[in-house]
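One structure is given here, and the rest of the page talks about it.
The values are calculated or read from the model by the stated rules, or taken from the named source; none is laboratory data. This is a predicted model, so every value here is computed, not measured. Every residue, glycine among them, receives a Cβ derived from its backbone with ideal geometry; neighbour counts consider all protein chains shown. Side chains are part of the model used for accessible areas, which takes the heavy atoms of the whole protein and leaves out ligands, DNA and RNA. Shrake-Rupley method; radii C 1.70, N 1.55, O 1.52, S 1.80 Å.
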Amino acid sequence: MPSTTDEEFVKNYPRPPQIMFSTENIKVIALGEIIIQTNHSARILETYHPPTYYFPPNCVKEQFLRKNNVRPSFCEWKGIASYYNIKIGEKTINNSIWAYPNPSECFKEIAGWYAVYPQLMDSCWVNTEKVEAQKGGFYGGWITS
């Protein structure tokens, strides 16, 4: 994946996707609150898609999450996803977080881990770099330099 200059190119990511555990410093801010701050995450790398970051439940302020009734989605690689809203005070961001409670065997290491749509957050950070969200409402890719 990384080239000799440590650059990554999404065209070189694998198919099927691969889990790559990370110790990068991640911060996610939603509705004015830090809801995730950790150096323990998983990056899902899939051909031609920016990485999507997943976080273990103990790294997420779950008190702000509300499971919603949105119809689950299906990923051919990971399985069936459940969706959550973020609710802080009187404000809510609908369908902003998802998880795979019972993923396929290849992704069992991220069972119950959360991913966020960066375009719905106030901001997402990888180390000191602000993330650019992948365009569109379906994918949750994190674009960085």
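Computed quantities for the displayed model
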read-out: Where D122 falls short, out of the listed (1) charged (D, E, K, R); (2) over 15 Å from the mean Cα position of the chain (by Cα); (3) at pLDDT 95 or above; value: (2)
read-out: Exclusive hit being out of contact with any Phe, Trp or Tyr (no Cβ under 7 Å at 6 or more places or on another chain), open to solvent by 20 Å² or more (accessible area, probe 1.4 Å) and over 15 Å from P57 (Cβ atoms), set E109, E129; value: E129
read-out: Of all residues making up the stretch 30-58, the number that are surrounded by fewer than 18 Cβ atoms within 10 Å (Cβ to Cβ), at pLDDT below 95 and in a strand (DSSP E or B); value: 1
read-out: Residue check for I86: surrounded by 16 or more Cβ atoms within 10 Å (Cβ to Cβ), in contact (Cβ under 8 Å) with a residue 60 or more places away in the chain and closer than 26 Å to E24 by Cβ; value: no
read-out: Considering residues of the stretch 117-138 that are assigned to a strand (DSSP E or B) and in contact with a helix residue (DSSP H, G or I) (Cβ under 9 Å, 6 or more places away or on another chain) only, the residue nearest to T52 (Cα to Cα); value: A133
read-out: Residue check, A115 of a type in the set (G, A, S), touching a Phe, Trp or Tyr at 6+ places or on another chain (Cβ under 7 Å) and modelled with pLDDT of 95 or more; value: yes
read-out: G112, sole failed condition from (1) more than 14 Å from I80 (Cα to Cα); (2) touching a helix residue (DSSP H, G or I) at 6+ places or on another chain (Cβ under 8 Å); value: (1)
read-out: Residue that is surrounded by fewer than 15 Cβ atoms within 10 Å (Cβ to Cβ) and either among the hydroxyl-bearing types (S, T, Y) or within 15 Å of A115 (Cα to Cα) (or both), where the choices are K27, K67, K61; value: K67
read-out: Single residue of the stretch 86-96 satisfying the filter (of a type in the set (S, T, N, Q) and in contact with a helix residue (DSSP H, G or I) (Cβ under 9 Å, 6 or more places away or on another chain)) that is nearest to D122 (Cα to Cα); value: S96
